[in-house]
Structure formats: C-alpha cells, structure tokens
Amino acid sequence: MACAAPPSPLPVVSLSARRRSATAAYYHAPSSRLSSGNSPRSRLRAEASKAEPVEENLPAAPAPSEPLPQPRTSTWNWKGYNIRYQCAGTSGPALVLIHGFGANSDHWRKNIPVLAMANRVYAIDLIGYGYSDKPNPREFEESFYTFETWGEQLNTFCAEVVKSDAFFICNSIGGLVGLQAAVMEPQTCKGIVLLDISLRMLHINKQPWFGRPFIRSFQNLLRNTVVGKLFFNAVATPESVKNILCQCYHDTSAVTDELVQFILQPGLDPGAVDVFLEFICYSGGPLPEDLLPMVKCPVLVAWGEKDPWEPVELGRAYGSFDAVEDFVVFPNVGHCPQDEAPELVNPLVESFVKLHS
C-alpha cells in the first residue's frame, strides 16, 4: 500500500524571547514555572540548579540570519510497510519522538528544530497513524495494533535508521510505546521522557467486574457494525477535531487551523477508520504501572497541570517507581505540553539528555 504524500514542509520554529525567558525561569526559579517532586532521586533538578549562567548550559541561540535545523521527511520500509519519519540534526545524542493516539510526527513540529541544535532528532509516525501505512487489522490472525507491535517497530527503527541507542521522548499513548520498547530491548534506550503518559483508564483491569461484559459488547458493536464507521465519520471533521483539541489543550489559542489539519488530514486516508476502531477497542495489553518496574534506564515523568484526560493527581503515583528520577508539573498546561508549551518542554528534554549523555 503506497504511503500518502506528506503535507507541505513544516515551518521553521524560531528561538523566541519567550522560550529563553521560560528556560531561565526553569533553571533559576522552578517554582514559578515548573513544579517538581521532592524525591531524593531528583538528580535532574540538582544538575539543573547548578546552571549559572543559564546560557552556558544551553545550545547557543543562532544569529538572526541563521535558521534552526529544518526537518527532513523520509520513508523507511518496515516489514513491507512504508513508515514516514522526520529527522533533523547531524551530531549529538539521538532522540526519537513518539506521538500519541490519533496524532503523528507533525505534533512535534515545535520541538524538532530546537532539539536538533545539539542532538540528532527523529520523529516517527507509528504504523497505522500519520502518513505511515495502515494495514487492515482484520487481515491478521492475532491483534496487530498493540504496544508490542509498536515497541518492535521503534526498536527496529533505532537499529536500521538511527543506527545507535537513543532517548525516547513520548507523549500520551506514545509513552506506553516507549516503555514497551525499552523493556523489550533495554540496550536500545538510554532514557525516557514521558509527557502526560496515558493512564489507560478504559483498560479492562480498571473496570469493575460487572461492567466488563457491557464494555466487550460495546466494542463489538463499534468494530463489527456500521455504528463504528458512523462514529468515526462524526469525529473526522475539522469542527470535531478542533473541539477535541480544545478539550485537551488548556491554552486553546494553541489550537490553530494548521494544527487541526496536521491531525485530521492523515486520518482521512484509506484504512484510518479501521485502525481508529481497532485501537479504541483495545482494552488489554500493558499499563504504565506494569512496565515501569521493568525499565532499566532513567525516566523523567512530566505532566500538564490542567490535563483533563489524564489527571495529574493520578499521574503523581508514577513518581514513586525506582526508575523515575523526577516528576515535573507544567502549570496551566494540558495533555500535549510539547505543542502547547514547547518553551517549557524543550529545555527540560535538553537538560535530561545532557545529564545522561
């Protein structure tokens, strides 16, 4: 199945005064911008607190005439399927950015150029999403769209494209993918940043026993009748996508028409409806609390304070796992901090990568 043509080249993101001031606030007044746990394992914060002056510990700002590295779009063949990815940067540690449910690598458009100043940055479209191929799940004898599948895809991508170990920077469902990959091949992952990892509240193990038969019946209704496609058609419109994004973004001014198109357009590809229905009916597989105890690399968990889908009060429990070095809260930020508040996320990622490189 041919890979759909990607959209026009992504805009170059400039290193704005807002980002520089936010970075300074992170290093010198974290309580005003970021909230961190008090765990004795918080080596990341200890390292960050030593930064003085700030500019000595950050990539130098480019001259006004010098653009940031621009992402390049490429296609990688994995098991006969076309996988779209973007990359930028020619030296430094490797970072692989992993999107969440219904998104794609364009959701990292505000992060790739900045992080590529000192790193080799890759953002991948997981199979079934974005402009990667979308094989029909009914063609497989066993479930195909699982975290094991995506974990294998991620590790093979590191071996064949990145050609080195890497840091995994993940949002939402992408966090489960990063954790699963790190558990499957520990030698591949140098560290993980989890941004508002999905709690998977609809997982079968989180439902009361008496509700489980009803959940299975509803999933069968969506997957095997016209109801599922009617539901998808109602969701896959610019108006619906914008409304959904405005729910999960605290700062709704970040929900631009450009963002809506980045999310919606590949979702209109043939096969997207089957992937969508397959995943929303996927209530098995691992939970974050299953995978975190098995992870061998350092983990940083960060959370938008105003995330309406994955409440920060529940997310704080992940800060107690041995692999987790710190739990950081982004004030007044929703479920997708990498896009809503890149001026906070980018320096946090840079600091974590520098500490463990």
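The values are calculated or read from the model by the stated rules, or taken from the named source; none is laboratory data. Computed from a predicted model, the values in this text were never measured in an experiment. Cβ atoms come from the backbone with ideal geometry, glycine included; neighbour counts cover every protein chain shown. Heads up: the accessible areas ignore ligands, DNA and RNA and are worked out on the full protein's heavy atoms, side chains in. Shrake-Rupley method; radii C 1.70, N 1.55, O 1.52, S 1.80 Å.
Between residue 237 and residue 313, take the C-beta separation as r, use R0 = 35 Å, and let me know the FRET efficiency to the nearest 0.05.
Details: r = 33 Å, r/R0 = 0.94.
For residue 237 and residue 313, the calculated efficiency is 0.60.
Measuring with a 1.4 Å probe in the full set of protein chains, what accessible area per residue, in whole Å², belongs to the range 87-160?
On a per-residue basis, 28 Å².
Cut-off 14 Å, label point 7 angstrom out along Cα-to-Cβ of residue 296: give me the residues of the range 148-185 whose amide nitrogen falls inside.
It comes to 165-166, 181-185, nothing else.
Once you have the Cα-Cα distance between residue 322 and residue 159, take 0.36 nm times their residue separation minus that, and quote the gain in nm to one decimal.
Details: separation 163, 0.36 × 163 = 58.68 nm, distance 2.74 nm.
Answer, rounded to one decimal: 55.9 nm.
With a point put 7 Å past each Cα toward its Cβ, work out how far residue 205 is from residue 357 in nm, to one decimal.
About 3.6 nm separates the two model spin labels.
How big is the convex hull of the Cα atoms of the range 220-357, per residue, in Å³?
Values: hull volume 19.8 nm³, N = 138.
Each residue corresponds to 143 Å³ of Cα convex hull volume.
Ignoring ligands, DNA and RNA, please state the percent of accessible area on the range 191-271 from carbon and sulfur, probe 1.4 Å.
64
Between residue 187 and residue 142, how many nm apart are label points set 7 Å from Cα along the C-beta direction?
It works out to 2.4 nm between the two label points.
Mean shadow of the range 134-264, computed from the convex hull of its alpha carbons, in nm²? Write down the numbers at each step before the final one.
Working: hull surface 42.6 nm².
Over all viewing directions, the range 134-264 projects a mean Cα-hull area of 10.6 nm².
Place a +1 charge on the Cβ of each Lys and Arg in the range 286-356 and a -1 charge on the Cβ of each Asp and Glu, then give the dipole magnitude about the Cα centre in debye, rounded to the nearest 20. Walk me through the intermediate numbers first.
Details: 4 positive and 13 negative charges, 37 e Å.
That gives a dipole near 180 debye.
Can you list the HN-Hα couplings for the range 180-194, worked out from phi with the Karplus curve (6.51, -1.76, 1.60; θ = phi - 60°), rounded to whole Hz and with x for Gly and Pro?
4, 4, 5, 6, 5, 9, x, 6, 7, 9, 8, x, 10, 10, 9
Across the range 266-279, in residue order, what do the Karplus-derived ³J(HN,Hα) couplings come to in whole Hz, using 6.51 cos²θ - 1.76 cosθ + 1.60 with θ = phi - 60° and x for Gly and Pro?
x, x, 9, 5, x, x, 5, 5, 5, 5, 4, 5, 4, 6
Which ³J(HN,Hα) values in Hz, rounded to whole numbers, follow from the phi angles of the range 100-109 under the Karplus curve 6.51 cos²θ - 1.76 cosθ + 1.60, where θ = phi - 60° and Gly and Pro get x?
In residue order, the calculated couplings are x, 4, x, 9, 6, 5, 5, 5, 9, 5 Hz.
Run the reach check for residue 306 against aspartates and glutamates, Cα to Cα strictly under 18 Å, same-chain hits fewer than 8 apart removed. What comes back?
196, 251, 339, 340, 343
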